[in-house]
Amino acid sequence: MNTKLRCLLLDDELPGLTYLKMLCEQIPELEVIKSFNNPELFLNEISDLKFDLCILDIEMPGMSGLQIANILNGKPVIFTTAYKEYAAEAFDLNAIDYVRKPIRLERLKQAVEKAYKVIKTAPELPEKPFVQLNTDKGKTILYYDKIAYIETSPPDSRDKIARLFSNEEFVLKNISFDKLSEILPKKEFCRINKKVMISLKIIQAFSHDEITTTLISESGKNLKFSGREL
């Protein structure tokens, strides 16, 4: 891990965001990777950014900082807000700290020192358990453990269909299996032929040319895939 904490900032009010960034730049332990004034833009980019800590406003239009923290799934967070009534919810999410606005440099330093101690003494966090992709339903967060298999979309081979264990499906727009192989954890997914990639969790039995899964097809039998097309 770097000596400094790599930090993302999110505040929908641009003057407040500018002020927060100025304060952060005065704290030696912090390196501001990127700042955002829109929750949607933040979510669009987090899957491509390496960071240790987020400093999030809570009250924002469209999506609150509390909702963002839920999506981050345990990533260390410092909340900033002008409202004291969110404190209990913030700490329910295991926030590092909760800093009231107007933010003072010394108070922010205290919060960052807490974050530094927690992050630097903790074991390395595992890779995020989800990927964010363009789908027919818009930008979608797909958790790896929810995906059963992915196959080529019949109408357009440039698209892929991700089928979840819940039977829900998403059309992944204009993405190759080579790219999916880079994104998805290799210990959890395997491409078995030119048109299908599966979660290893669904394998019940296999031979040199066929894989039998634990999934049940519409006919009531175990779903099978051929391995001959690779």
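The values are calculated or read from the model by the stated rules, or taken from the named source; none is laboratory data. In this text, all values refer to a predicted model and were calculated from it rather than measured experimentally. Cβ: placed from backbone, ideal geometry, glycine included. Neighbour counts: every protein chain shown.
Would you confirm whether any residue within segment 19-41 is among the small types (Gly, Ala, Ser) and surrounded by 15 or more Cβ atoms within 10 Å (Cβ to Cβ)? Show your work before the answer.
The initial filter retains those residues of segment 19-41 that are among the small types (Gly, Ala, Ser), namely 35.
Now narrow it down to the ones that are surrounded by 15 or more Cβ atoms within 10 Å (Cβ to Cβ): 35.
Yes, because at least one residue in segment 19-41 is among the small types (Gly, Ala, Ser) and surrounded by 15 or more Cβ atoms within 10 Å (Cβ to Cβ).
Looking at segment 1-18 only, could you name the residues that are hydroxyl-bearing (Ser, Thr, Tyr) and buried (at least 18 other Cβ atoms within 10 Å of the Cβ)? Full working, then the answer.
First, pick out the residues of segment 1-18 that are hydroxyl-bearing (Ser, Thr, Tyr): 3, 18.
None - no residue of segment 1-18 is hydroxyl-bearing (Ser, Thr, Tyr) and buried (at least 18 other Cβ atoms within 10 Å of the Cβ), so the list stays empty.
For segment 178-230, what are the residues that are assigned to a loop (DSSP other than H, G, I, E, B) and either acidic (Asp, Glu) or within 19 Å of Leu164 (Cβ to Cβ) (or both)? Walk me through it before giving the result.
So in segment 178-230, the residues assigned to a loop (DSSP other than H, G, I, E, B) come out as 184-188, 192-195, 207-209, 217-221, 227-230.
Correct list: Leu184, Pro185, Glu188, Ile192, Lys195, Asp209, Ser217, Glu218, Glu229.
May I ask you to list the residues in segment 69-94 that are at pLDDT 85 or above and farther than 15 Å from Cys7 by Cα?
If the condition is that a residue be at pLDDT 85 or above and farther than 15 Å from Cys7 by Cα, then Thr81 is the only one that fits.
Yes or no, residue by residue, for (1) surrounded by fewer than 21 Cβ atoms within 10 Å (Cβ to Cβ); (2) assigned to a helix (DSSP H, G or I); (3) within 13 Å of the chain's Cα centre (by Cα); (4) not polar (S, T, N, Q):
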| position | (1), (2), (3), (4) |
| --- | --- |
| Leu43 | yes, yes, yes, yes |
| Ile55 | no, no, no, yes |
| Met63 | yes, no, no, yes |
| Gln67 | yes, yes, yes, no |
| Asn70 | yes, yes, yes, no |
| Gly74 | yes, no, yes, yes |
| Thr80 | no, no, no, no |
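Table: residues versus (1) surrounded by 12 or more Cβ atoms within 10 Å (Cβ to Cβ); (2) charged (D, E, K, R).
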| residue | (1), (2) |
| --- | --- |
| Pro102 | no, no |
| Leu108 | yes, no |
| Lys114 | yes, yes |
| Ile141 | yes, no |
| Ile150 | yes, no |
| Asn167 | no, no |
| Val171 | yes, no |
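Between a residue in segment 47-69 that is not assigned by TED's automatic domain parsing to the domain that holds Asp12 and any residue that is part of a loop (DSSP other than H, G, I, E, B), which pairs come within a Cβ distance under 9 Å, given they are 6 or more apart or on different chains?
none
So how many residues does segment 178-216 have that are closer than 18 Å to Thr152 by Cβ and polar (S, T, N, Q)?
Here is the first cut: in segment 178-216, the ones closer than 18 Å to Thr152 by Cβ are 178-184, 189-199, 202, 211, 213, 215.
Okay, now just the ones that are also polar (S, T, N, Q), so 181, 193, 199, 213.
Residues in segment 178-216 being closer than 18 Å to Thr152 by Cβ and polar (S, T, N, Q): 4 in total.
For segment 150-160, which positions are out of contact with any helix residue (DSSP H, G or I) (no Cβ under 9 Å at 6 or more places or on another chain) and closer than 14 Å to Ser199 by Cβ? Before you say what the answer is, go through the steps one by one.
Of all residues in segment 150-160, those out of contact with any helix residue (DSSP H, G or I) (no Cβ under 9 Å at 6 or more places or on another chain) come to 151, 153-159.
Glu151, the sole residue that qualifies.
Can you tell me which residue in segment 18-37 is nearest to Lys114 (Cα to Cα), limited to those that are touching a residue at least 40 places away in the same chain (Cβ under 8 Å) and part of a helix (DSSP H, G or I)? Can you show your working first?
Step one: of segment 18-37, the residues touching a residue at least 40 places away in the same chain (Cβ under 8 Å) are 19-20, 23-24, 26-27, 29-30.
Still in the running and part of a helix (DSSP H, G or I): 19-20, 23-24.
On the way: Tyr19: 21, Leu20: 18, Leu23: 16, Cys24: 14 Å.
So, considering only residues that are touching a residue at least 40 places away in the same chain (Cβ under 8 Å) and part of a helix (DSSP H, G or I), the one nearest to Lys114 (Cα to Cα) is Cys24.
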